[in-house]
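Remarks on the structure that follows.
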Amino acid sequence: MNRIFNKSQLSPNVFKFEVEAERIAQVRKPGQFVIVRARQGAERIPLTIADANISKGTITLVVQAVGKSTRDLASLQKGDFINDIAGPLGKPTDLIDHGTALCIGGGVGTAVVYPIIKGLSNNNVKIISVIGGRSKEWVIFEKELKEFGEVFVCTDDGSYGTKGFVTNLAEEILKRSRVDIVYAVGPVPMMRAVANLTRPLQVKTIVSLNPIMVDGTGMCGGCRVVVNGVTKFACVDGPEFDGHQVDFDLLMDRLSTYKAQERIAVTLHSEPCKLSEVKV
Amino acid sequence: MKNCVQCSSVHSSQQKLSVRERLLIPRQKMPEQPPEVRTHNFDEVNLGFSEQLAILEARRCLLCKNPKCVEGCPVMVNVPRFISYIAEGNFEAAAESLFADNALPAITGRVCPQETQCEKTCVRANKGEPVAIGHLERFVADWVLQKRTRGLNISAEKSGKKVAVVGSGPAGLTAAGELLRLGHSVTVFEALHEPGGVLVYGIPEFRLPKSIVRAEVERLKQAGVKIECNVVIGRTYTLDELRNSFDAVFIGNGAGLPVFLDIPGENLKGVYSANEYLTRVNLMGAYAFPKFDTPVLTGKSVAVIGGGNVAMDAARTAKRLGAESSTIVYRRTKKEMPARLEEIHHAEEEGIKFEFLAAPIEIIGNNEKWVKALKCQKMKLGEPDASGRCRPIPIEGSEYELPCEIVIVAVGTKANPLLTSTCPGLKLDKRGNIIVDQNGMTSIPGVFAGGDIVRGAATVILAMGDGKRAAMAIDQYLRD
């Protein structure tokens, strides 16, 4: 049982939780995730560890409430308990130790980029960040990222920052600055677009994949992804891979596996949506 | 009254039956749910012996002076001794006897391949049917669980030593129970949210109810075994850290890495490893979706690749989830199938189809990338291979398609490198399994291992045998 130490709302359906997990806080590294089971009977879902506070013994998890399970999780309040948290899982980010990194975050993916940026900053890497969202209220972690370097913001509708996609901003930056590596985390189409942008420029690009998982320890193989033509398990071989080699179409397709079941679960979710009651 | 030759105790009523009388009793049939009923539920198929049936079956035992059944048992249960107590109706004494040899009889009584172990070597098997040792073992264990009278016999003398057990499957739980009994303090680390390993994620409810596993785990906990779930050794703690905080370590983390066939189409939607399929249904309760949140795909037609117990479990699970046709696709024949006879028999009764001498060569998808069919090639049997089984040889031009919506790959598992890769000092064989000596000790002093991480995919009882032997060796190691 892991107590929720703090909760805040970052955007209309994105919530930040600070959860007690002393051991995980001590040993986790950027890029790693935990498997969370909110309560008895709940799904096991993977969530990237956005941050950790060793002295408080807490980790930070950012949850986007999209399906039944993430909505359930997002409805938990400060002082509530999360039944199970296992981790840290997955391989840590391969952090460069000098040079310049372009870090790109789309929507809730920005929370996943954040620990990478912190890790790079410890290595004295120069960091340029590009983050984006549908509109102003979907842009998260801007303030946190600004501590570590220049941050460029864009929104699809132009309500904040530059109007357009993160790839537009990234393209300009790649044109004018020397960039040694790109870290990109966000929706699959965004990561694919970034990989397509950097491939001809031959700039190494790391993406973090979010396939459906069950155990998170390599036991079930449900998180199969194809990288450079070879099947990998994202939970133990990743979750971060060379974006130029990832089969994004397959990832997109496999993510849709339980669409029909998800509809049933959401429809049958008879409790009134607690999100509307959430106070920020 | 004479003293029993097996156990030196007196069995009054036992002595009255002659060998001839014992031989005349036919093997008692295990009461079970009828196939047409059980394919619509997940309740246990076997219903268990009544006291009367158990006593009658127990009286079939000839109480051999030199019992071969004991030699056939990987944990050397003194079979005639506990059976003779059942025959007398002294179930408490039967339990005392059985639990002294086997920490988890409610589980082994259900999932052991008795026909290749104790019952194979039973002298009555030479002429007719062996004593139903497994059913009797289960009877005694269930009797205890119902009465809730018994804990573990724990050594009053505490050694003051601490042992870490990695994994709470059959190997880990057995080792934990034995070590506690020997006076050591034991902490078990489990990666998943519930203890039991393959007993809870792999073996279906209809073969081994989760309530049985929970009861056995509870018994160990009440006796003093500490179990920490959600701890992934190799990630949450390293093996070195365990070595620093404990006097000895037993690794029983299983062979949890599914093997795929490396054929085209394996990443289509609708293709599962048996591990994933069974984990979703068993551990996560997907059979009760949407009551439980984890879903599992269902289809009218399901193909399961493989011929072992896991393949049977998957095919029978699919049937219960509503598949009109659930087919086992196996590249050899029924004779070579590694599954237990009882499982094959139950599967046949439940209408599972068998496609023998067929090897999958491709999984075919529709336009939306959902599984549409399994393309197979017909095989014929050739000379025996290294495993002693006839090698299947493809027949050119015999390809055909088996229409199906779900494909479950149940062709085995291999060593999960999660733990071993984080501990370079641990010697592994070519397949990634941990190498141990005759005492179950690894290349690192004080670190022992057993079960599937040593053997590759094997059985529950072999893992338990390893756990038991390693516990004895650990005890010795700690006392030296």
Item to check | Shielding by other protein chains, B:440-453, mean Cβ within 10 Å | outcome: 0
Checklist entry - Using alpha carbons only, how many degrees (0 to 90, rounded to 10) separate the axis of helix A:109-122 from the longest principal axis of chain A? => result 60
Item to check | Average partner coverage of A:39-48, which counts Cβ from other chains inside 10 Å | outcome: 3
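Using alpha-carbon pairs under 8 Å, 6+ residues apart, how would you state the relative contact order of chain A in percent? Intermediate results must be reported in sequence, preceding the final value.
Numbers: 624 pairs, mean separation 46.7, N = 280.
Dividing the mean separation by the residue count of chain A yields 17 percent.
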Checklist entry - Counting alpha carbon pairs within less than 8 Å and at least 6 residues apart, what relative contact order, in whole percent, applies to chain B? => result 15
Checklist entry - To the nearest 10 degrees, how steeply does helix A:259-268 sit against the main Cα axis of chain A, on a 0 to 90 scale? => result 40
Item to check | Candidate aspartates and glutamates for bridging to A:LYS16, where Cα separation is under 17 Å - those fewer than 8 sequence places away on the same chain excluded | outcome: A:ASP51, A:ASP72, A:ASP80, A:GLU137, A:GLU142, A:GLU144, A:GLU277
Checklist entry - Where in the range B:292-309 does the amide nitrogen come within less than 11 Å of the point 7 Å from the Cα of A:LEU268, taken along Cα to Cβ? => result B:292-296
Item to check | Ranked packing of B:412-421, B:173-182, most packed first, by mean Cβ within 10 Å | outcome: B:173-182, B:412-421
Checklist entry - Where in chain B are the helices, taken as whole DSSP H runs, whose Cα atoms extend 24 angstrom or more along the long axis and whose Kyte-Doolittle mean reaches at least -1.0? => result B:460-479
Checklist entry - Cα-based count: Lys pairs in the range A:100-199 below 23 Å, eight or more positions apart or different chains? => result 12
Checklist entry - For B:GLU324 and B:GLU32 in the same chain, what is the full-extension length gain: residue separation times 0.36 nm, less their Cα-Cα distance, in nm? => result 102.9 nm
Checklist entry - Averaged over A:217-230, how many beta carbons belonging to a partner chain fall within 10 Å of each residue's beta carbon? => result 6
Item to check | Rounded tilt (10° steps) of A:188-198 against the dominant C-alpha axis of chain A | outcome: 10
Item to check | Hits among aspartates and glutamates - C-alpha to C-alpha of B:LYS269 under 16 Å, sequence gap 8 or more where chains match | outcome: A:ASP247, A:ASP249, A:ASP253, A:GLU262, B:GLU362, B:GLU368, B:GLU405
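Which pairs, out of B:LYS120/B:LYS375; B:LYS226/B:LYS468; B:LYS127/B:LYS147; B:LYS29/B:LYS335; A:LYS68/B:LYS221, put more than 27 Å between their alpha-carbon atoms? Display every interim value, and only then the final one.
Details: B:LYS120/B:LYS375 38 Å; B:LYS226/B:LYS468 18 Å; B:LYS127/B:LYS147 37 Å; B:LYS29/B:LYS335 24 Å; A:LYS68/B:LYS221 34 Å.
From the list (B:LYS120/B:LYS375; B:LYS226/B:LYS468; B:LYS127/B:LYS147; B:LYS29/B:LYS335; A:LYS68/B:LYS221), the Cα-Cα distance tops 27 Å for B:LYS120/B:LYS375; B:LYS127/B:LYS147; A:LYS68/B:LYS221.
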Checklist outcome for this item: From the Cα centre of the range B:192-216 to that of the range A:189-241, the distance in Å is 32
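Give the longest segment of chain A that steers clear of trypsin sites (Lys or Arg not before Pro) in DSSP loops with at most 15 neighbouring Cβ atoms within 10 Å, not counting the sites themselves. Show your work: numbers first, answer last.
Details: sites that count: A:ARG39, A:LYS56, A:LYS78, A:ARG134, A:ARG178, A:LYS279.
Answer - A:179-278.
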Checklist entry - Which far-off residues, 5 or more places away or on another chain, put their amide H under 5 Å from the one on A:LEU10, with H placed in the peptide plane? => result A:PHE15, A:LYS16
Checklist entry - Kirkwood hydrodynamic radius of chain B from all distinct Cα pairs, in Å? => result 23.6
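How much mean residue ellipticity at 222 nm does chain B get from its helices, if each DSSP H run of length 4 or more adds -39500 (n - 2.57) and you divide by all residues, to the nearest 500 deg cm²/dmol? Working shown, then result.
On the way: 19 runs with 160 residues, N = 480.
Calculated mean residue ellipticity at 222 nm is -9000 deg cm²/dmol.
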Item to check | Cα centroid separation - the range B:241-282 against the range B:344-367, whole Å | outcome: 23
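Every number here is computed from the coordinates shown, using simple stated rules; none is lab data. Everything numeric in this text was worked out from a predicted model, so none of it was measured. In this analysis, Cβ positions are derived from the backbone assuming ideal geometry, glycine residues included, and neighbour counts consider all displayed protein chains.
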